[in-house]
Every structure is written in C-alpha cells, then in structure tokens.
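A short worksheet on the structure shown next.
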C-alpha cells in the first residue's frame, strides 16, 4: 500500500515549489496576456491572436528575430572557441595560478553593465582606441564603424558572456579524469589525437551546457545591445523593452517573449539531440 | 610543446580582450571632472573619496551583498539537487522539468519583473526584501542547474557505486563522494549566482520599495544626467575587493594543500 | 531517511502550490475581462484608501504616516529630498524617495494598479496623459490647492490632473567653444559644417520624440502628420555623430567632443554647464517644445497627503530654490528669479506662453506607429 515517492521528485521538489510560485504564475499571467487585446484605455481585453499574427506577418519583426538568432549563434560559437582555449589553459596551469586566472576571466561580471559598456564605447567608437591603434599600425586606412553595428554588439556580448563559458568548461575540464589522457598518450596517441579523441568528447557536457547557456542569455540580454547597438541594431530584447516601457503594449511584449522562449526550447532540444547522438562516449544521461 | 605555445599566445590575446575595457574604466575613474571621459585629464582620488566617504553607497552596498548572499544560499542547494536528479534519474516529464529550470534565462528580466510585480501587488505582498530575493533565486537557479548538470553528467560514477556497495546511504554518498568531485562546479555556480544577484538592476527596480535601495539602483540613479566617474570608481572598487578576496583564498588554499595533499587529490 | 521526509515535503509542496494557484487563479481570471479587472482594482483601492483614512496609510505600521515619492535620481532627487524635509516637518510625516525615471515609474504603477507602493509619482515625458486615461492617478481640482491660483495657464493639465511644478524646454544646445555664431533655428542642425557633429536622440526617449515633432511642425506636419518630420530626419542622419537612446550618453558625447550641437533640454543644459561643460542653450525661432514636469497623486495610495505634497511643490519658495539649484523653471508666476537664471530657462509670462505644448493624447495614440517608422528609418 505504502508507495515510496521517487527520490528524484524529492530532489527537485524545492526547485519546483519556488518556480511554481515565482516563475510559473507571473509568466503564466504574461502568457495569458499575450492572447489578450491591448486596449487603448489601458488594461487588456478579450482573446485575440493578433499579436502573434502581427509578429509573423510583418517582415520588420521577423528580421529582428532572425538578426537576434544569428547574433546569438555567432556569440555562442565565438564564446565556445575562446572559452575552451581559456578553460583548457587554466585547467593545465599550475595549482596556485588557477584561481587567479579564473578571476581574471570572470572579471567582466564584476563591473556594472553600464560602465563596462562605457569602456567598449571608448574602444570601439570611430575615434576610439581600437581604430587609432589599427590606423597607426597601418592595418586599415579608414576607421572601422564598430559602435552601433552588429559587430560591435557581438564584441561586447562575447566579452560579458565569456566568463560563463569559461567557468562551466573549466569545472568540467577540471573534473575530468586526467589518467585517461595519460593513458592515451602512453598508448602512442599524439597530443592532437589525445585532445580530439579523449579530452574533447569527455568535455562534451560542458560544451553543450556552455553554448546553450550563452545562447539563451544572449537572446534576452538587453543592456549591452541597447548601449553598443544603439537604436540601429534592433534585437528581440530591445524590442521587448521598447514595447513594454515606451509603448506599454504588454500583450505584444509578452507574445515576443514567449516566441523567444519557444524558439529556445526548440533549438535546445535539437541541439541536445544532435550532440548527444554524435558523442562518441556512450552517456545515457541527457544533458 | 608547439601546440601549447600557440595556446599561450591565443590566451594572452583573449586576456587582453577581457581586460581592455576594464582597464579603460579603471583608468577613467581617476578623472577629476564630473564626466566620465577617456583619457582622463588629470589624476584625482575624488570619486573614490565620494564613493567611500559620502555614505551614499554604504547602505545600498550592504543591501546588495545581503540579497546576493541570501539568494545564493537558496539557489545553490536547490539548483544542485535538481541538477543531480536530472542527471541521475530517468523519469517522465524530465525534459519538461529541465526546460522549466532553464527558461528564466530567456525571459527578459524586464517582463519577468513586471509579471512578478503584478502578482505580488495583487496578493498584497509588500515584503520588498523577500520578494526580491525570491525573484533572484529564480533568476540564478538556471545558472546553477546548467553548470551542475554539465559537471554531474561527466564525473566518474563508479566511485559512487562503490560507495553504495560498501554500505553508505545515498545521502551520505552524495555528501561525501559526489559533491567533492564537483567542487569546482559548485564554486563556479556560487560565484555566478552571487555576481548575478549583486549586479541585477531591472527586477530590483520593480520589486524593491521605499527603504530598500541596492547598489545597481544607486548607479541607475547616478546616471540620470551624466555618466559620472563615481560609477567607474564603484566598479574598480568591486574588482579590487574581489581580487583581494581571491588572493586570500589562494593563500588559504595553498596552505591547505601543503598540509593535506593526498586528500585534496581524490583520483583513483 | 529521505523517504521518511519525502511524503511530508511533497505534501507541503502540494499544499503551498494549491494555495498559490488558488490565489493567483483569481488574478488570472480577473485579467480575462476588463470589467472584472476594474472591480478587482476598485476593491483593492477601496481597502487601500480605507487604511489611509484610518490614519497612517501603507498598511499596518503605527509609525508616523509615510509618503512614498518617486523621483528621477541623481542631483535632482537630492535637491527634492532636501526640500521635502520641510514638508516632513510641517505635516509630521516620513517621506521616502524611490528612484524611477518617468517611463519606468509609469510601468511600475501600472503593474501595481489598485495596490500601489508609491503615493506620488513624477513624470517628465507626458506620461500623465496615459496614467490618467488608465485610471492610475487622481484628478486634482486646482481650487483645492492653495497655490493653484498663482500658476501660469501653461502649467495646468488639459485633462484635469495635477499641474506642472516645473518647466523645461527643448531647444538647441551647443558647445560655445566650437561654434562661434549661435544657431537660431532648428534648420541650423542640417548645416554642412556640423556634419558628423550632431547628437541625435532616439524616439524612445521623450526628447527625441519632441524633436521629431518639432521638425514635423517646422515642415508643415505635426501630431496629425509625422511624415514631414521623418523625411527631414532622413536628411539629417548624415550629420549625426550618433543616435543615442539614453540621456547620459548625450552628456558623454559632448564631454568627449564627438558632438557639438544637439536638440536638447534646458534643464540638462543647466546641469551640463554647472558641471563645467561649455554648453549654451538657445531657443530656436520656431519656438521651444515645453516639458511639463509634474507630480501626480497615485490612485489608491495615501491620496490626501499626496495632494498636499503636490501643493507643496507648487509653493513659490520651493520652486525658487528648485530653479536655483537644478535649473528648472518655476510654474508659479509669483516666483522671482535673478536675471542670470531668467536667461537660461523659460521664465515669465511671455516665454512660458510661447512654450509649445504637444498634444500628449494624440502623441501617445500614434507613438507605436511612429516608433515603427522611425526604427525602419534609423536601421537603414
């Protein structure tokens, strides 16, 4: 008669409780709102599809959506490459140095967003440090337009999201069984082969987690695109902000957020499947 | 050797990229004028004095620290347990649960904050500290879950199994065998959670109320008219403080490693 | 061990969940139809003002009455905090300030409709027109205010809400070290000599919106017809050093000397100058667009006390100090200012009368469409 409650539900119960109260309810409210009419006198009216129809039928919004996905994908990829180099380097560094290097890598997180972007504005603007450096070295003849362009947004976004990637990859590489690498090396594998056949597959959970984390955050990141991209680079997050604060069209803003969420869930699932299948190491655990 | 050499150079460049904008910020925090400009014209400690002596930032700073610490005290264990369940057990709705725990990452904090405010306001909840911490817990759990998922799914399970075979209870095994193997992921999660909560503005703006100011809100207040070097000074101080804590940690850890090298290295 | 607690934990979770879902089920339902939202709001407002009239407002505390005021942060808020001490003493109340820019403040009281945490909300971008229409703030009869009779006509709110307590105006600001002949017209911004030197503000910022309308009006359009404005802005884009979204960026552009001229606000010009920038303000011959900064009584808050605070902000003594410290022009015609101050702000019957008041109702109605047009234009 007495049925034991499965242990996994006990383990996730506290999280579920918190999320039920402080996430599902408010987001559920927004989800309901996204199907409601935005009344001119304020408040919301009856059920409509309008907001979703508006989004999918206006090329302006679809372009914003596409631009957002592309920028996020590019940011995730660059973060992965750079983050892997850093994390690999740190995990191979001397014990005493590791924490120091990690802290340097994590430093962008320690500065408030406005001020970090001020730094980027100084570096990226037409008369900025980067342009002056490149001009004086002679790499370019004309100053590059970086500020208020998608390129600038990518540069600044990678900067602030890199720490997440490094921290995740590092914690995976650090927990990795180093004996496997030595074994491979002892068996005559070259450094490159050891890396490709042992280290890389073993760090796959970190790669998946890191890229998905960075991808998700960059989709909804607001301050950096807003300051570095200016009004010219419109992304989903800036558009949601605009609809929420300036135009007070909360139903439409909610619809945009839910579309974003749905897109991420789809991308995450596909990505998970593709990568899990391609993993050489048989790991039954879905990451 | 060749490859490591290239890696060194690449990493050097990446560190340069990481540090460049921060260096700009730190350097310009010494500008004596009212505007944050670069390069600074002159050198002065004026803004550091302002930040440290005016008393304007003291209370908001401690509020932010308190919120960040309390948030992490909840989000770290909650997220870790959830991630453990998600890696070690197979059950129905597992994918749904995992997606749920990760979705706050994608919802813009502005909408999340407004949704929460609508809810709290309808319920008449005006405990500003509690409601803000609750929101921050939700915002930081995804980071913990993501980091811990990666770490749990990659550690060596045979040690856990051995421990269970030898008669340890699952809880004991988790505490004594599993957790030590993921300690760097735990540290990373805790760090991210602390920093996220400490630096979070938008949700705080909506959920705090009179009497509960946080440091990001003070910065928001300071930039109404101009970007003042005081904000650069605050950021520089935060960096220096964190480095100092890190340095203490390094010294502490080195002493510990010297004492007990074999316990520190749990490899089979 | 785990199993022993498990049942309790899960039971607890389920109960808590049910309570919350029940509590919020109501909320979700009430959002279903407009009418039920309103009843909900009214009940809440009723209970709110009930406590307020009972004595202290803001819930169960027995401390002296508390008034929560939103302000714009920085030096502006500091000055108001100083001035509010007098109010706190006179009425034996405690005043708390919360920092919120106008648009954020509107979003906050909108989300808190019926159960606000703010009693007095301040707006500078015409948000009172929306807040009024959405029933978030309370209309005020000027006869009830002791300073109501002394106000300029321009200060009065067309929809019967609280009047403006300060004016500022959108005109041209320029770096006087770099520009020797002062500009006289909006048209000067299009001049070739300022190529790449004009700071433009995005439409999402109220100064950007005001400028777009000023340009539209100059070219025969206005609130009814924005197209002439958009066309002219397209011509202006090559002159722009940058199109920025947030106000502090304008200050930085001038401080870095990347921009030397812009359509901007008197109050900011005053602050920039006080902070040592060589910035001057001129009113263009087409007329300056007025900004009517006001403090509104939030519905369902401590309304009585809030009204007294609004009245307090209209006092000549308070307005004079505010003008001297922060550079915002008084709306009370009995305030006397020094010649020096008069020159840098819209002061006196004539100057105040010339301020152009945008039709905020029309502006808000069309803002979404204009924003879309503007964004398409800017991103080209």
Problem set entry | Unmet requirement for residue C:296, which otherwise passes all of (1) under 30 Å from residue C:226 (Cβ atoms); (2) part of a helix (DSSP H, G or I); (3) assigned by TED's automatic domain parsing to the domain that holds residue C:69 | (2)
Exercise. So residue B:92 clears everything in (1) at the interface with chain A (Cβ under 9 Å from one of its Cβ atoms); (2) over 19 Å from the mean Cα position of the chain (by Cα); (3) not in a helix (DSSP H, G or I) except one condition, right? Which one?
Worked result: (1)
Seminar exercise, completed: Checked segment A:37-69 for anything touching a residue at least 40 places away in the same chain (Cβ under 8 Å) and more than 7 Å from every other protein chain (Cβ to nearest Cβ); matches are A:37, A:38, A:51, A:52, A:54, A:55, A:61, A:64, A:65, A:67, A:68, A:69
Seminar exercise, completed: Going through segment B:176-217 in order, the residues found to be within 14 Å of chain C (Cβ to nearest Cβ), farther than 15 Å from residue A:111 by Cβ and within 23 Å of the chain's Cα centre (by Cα) are B:202, B:203, B:204, B:205, B:206, B:207, B:208, B:212, B:213, B:214, B:217
For this session: Quick one: in segment C:227-244, of everything that is over 21 Å from residue C:193 (Cβ atoms) and crowded, with 23+ Cβ neighbours inside 10 Å, which residue is farthest from the other protein chains (Cβ to nearest Cβ)?
Result: C:229
Exercise. Within segment C:333-376, restricting attention to residues that are free of Cβ contacts under 8 Å to residues at least 40 places away in the same chain and outside any helix (DSSP H, G or I), which residue is farthest from the other protein chains (Cβ to nearest Cβ)?
Worked result: C:336
Problem set entry | Residues within segment A:267-279 that are free of Cβ contacts under 8 Å to residues at least 60 places away in the same chain and either at the interface with chain B (Cβ under 9 Å from one of its Cβ atoms) or in contact with a helix residue (DSSP H, G or I) (Cβ under 6 Å, 6 or more places away or on another chain) (or both), tallied | 2
Problem set entry | segment C:165-190, residues that are in a strand (DSSP E or B) and crowded, with 22+ Cβ neighbours inside 10 Å | C:165, C:166, C:167, C:168, C:169, C:170, C:171, C:172, C:173, C:174
Exercise. Taking segment C:272-293 as the region of interest, how many residues are within 14 Å of chain B (Cβ to nearest Cβ) and assigned to a strand (DSSP E or B)?
Worked result: 2
For this session: Determine, yes or no, whether residue B:227 is within 14 Å of chain C (Cβ to nearest Cβ), in contact with a helix residue (DSSP H, G or I) (Cβ under 7 Å, 6 or more places away or on another chain) and at pLDDT 90 or above.
Result: no
Exercise. Which members of segment C:133-177 meet the condition of being on the phi > 0 side of the Ramachandran plot and in the same structural domain as residue C:284 (by TED's automatic domain parsing)?
Worked result: none
Exercise. Quick one: in segment C:143-152, which of the residues that are in contact (Cβ under 8 Å) with a residue 40 or more places away in the chain and in a helix (DSSP H, G or I) is nearest to the other protein chains (Cβ to nearest Cβ)?
Worked result: C:144
Exercise. So which of C:232, C:269, C:216, C:306 ends up being part of a helix (DSSP H, G or I), touching a strand residue (DSSP E or B) at 6+ places or on another chain (Cβ under 6 Å), farther than 25 Å from residue B:226 by Cα and modelled with pLDDT of 90 or more?
Worked result: C:306
Seminar exercise, completed: Counting only residues that are more than 20 Å from the chain's Cα centre (by Cα), on the phi < 0 side of the Ramachandran plot and in contact (Cβ under 8 Å) with a residue 12 or more places away in the chain, segment C:246-266 contains a total of 8
Exercise. So which of A:73, A:22 is more than 9 Å from chain C (Cβ to nearest Cβ) and either part of a strand (DSSP E or B) or free of Cβ contacts under 8 Å to residues at least 24 places away in the same chain (or both)?
Worked result: A:22
Exercise. For residue C:193, all conditions in the list (1) surrounded by 18 or more Cβ atoms within 10 Å (Cβ to Cβ); (2) assigned to a helix (DSSP H, G or I) hold save one; what is the number of the exception?
Worked result: (1)
Exercise. When you look at residue C:287, is it surrounded by 15 or more Cβ atoms within 10 Å (Cβ to Cβ), modelled with pLDDT under 95, within 25 Å of residue C:118 (Cβ to Cβ) and over 17 Å from the mean Cα position of the chain (by Cα), yes or no?
Worked result: no
For this session: Go through (1) surrounded by fewer than 20 Cβ atoms within 10 Å (Cβ to Cβ); (2) within 14 Å of chain B (Cβ to nearest Cβ); (3) closer than 25 Å to residue C:157 by Cα and name the single condition residue C:321 misses.
Result: (2)
For this session: Return yes when residue A:119 is at the interface with chain B (Cβ under 8 Å from one of its Cβ atoms), free of Cβ contacts under 8 Å to residues at least 40 places away in the same chain, out of contact with any strand residue (DSSP E or B) (no Cβ under 6 Å at 6 or more places or on another chain) and farther than 19 Å from residue B:250 by Cβ and no when it is not.
Result: yes
Seminar exercise, completed: If we keep only residues of segment C:245-262 that are at pLDDT 90 or above and not in a helix (DSSP H, G or I), then the residue farthest from the other protein chains (Cβ to nearest Cβ) is C:261
Exercise. So which of A:133, A:173 is free of Cβ contacts under 8 Å to residues at least 40 places away in the same chain and in a helix (DSSP H, G or I)?
Worked result: A:133
For this session: Can you confirm whether segment B:54-74 contains a residue that is at pLDDT below 90, out of contact with any strand residue (DSSP E or B) (no Cβ under 6 Å at 6 or more places or on another chain), surrounded by 15 or more Cβ atoms within 10 Å (Cβ to Cβ) and under 30 Å from residue B:206 (Cβ atoms)?
Result: yes
Exercise. Among the residues of segment B:112-142, how many are more than 7 Å from every other protein chain (Cβ to nearest Cβ) and part of a helix (DSSP H, G or I)?
Worked result: 12
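So that you can scan it fast, the table gives a plain yes or no per residue for (1) away from chain C (no Cβ under 11 Å); (2) part of a helix (DSSP H, G or I); (3) in contact (Cβ under 8 Å) with a residue 24 or more places away in the chain; (4) at negative phi:
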{"residue": "A:219", "(1), (2), (3), (4)": "yes, yes, yes, yes"}
{"residue": "A:224", "(1), (2), (3), (4)": "yes, yes, yes, yes"}
{"residue": "A:232", "(1), (2), (3), (4)": "no, no, yes, yes"}
{"residue": "A:265", "(1), (2), (3), (4)": "yes, yes, no, yes"}
For this session: Give me the pairs, please: first residue somewhere in segment A:83-100 and touching a residue at least 12 places away in the same chain (Cβ under 8 Å), second residue anywhere and assigned to a loop (DSSP other than H, G, I, E, B), beta-carbon distance under 9 Å, and either six or more positions apart or on two chains.
Result: A:84/A:203; A:87/A:203; A:88/A:203; A:91/A:176
For this session: Kindly indicate whether any position in segment A:81-88 is surrounded by 18 or more Cβ atoms within 10 Å (Cβ to Cβ) and either more than 30 Å from residue B:248 (Cβ to Cβ) or facing chain C (nearest Cβ under 10 Å) (or both).
Result: no
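The values are calculated or read from the model by the stated rules, or taken from the named source; none is laboratory data. Fair warning: this is a prediction, and the values are worked out from it, not measured in the lab. A quick note on method: Cβ atoms are made from the backbone with ideal geometry, for glycine too, and the neighbour counts reach across all protein chains shown.
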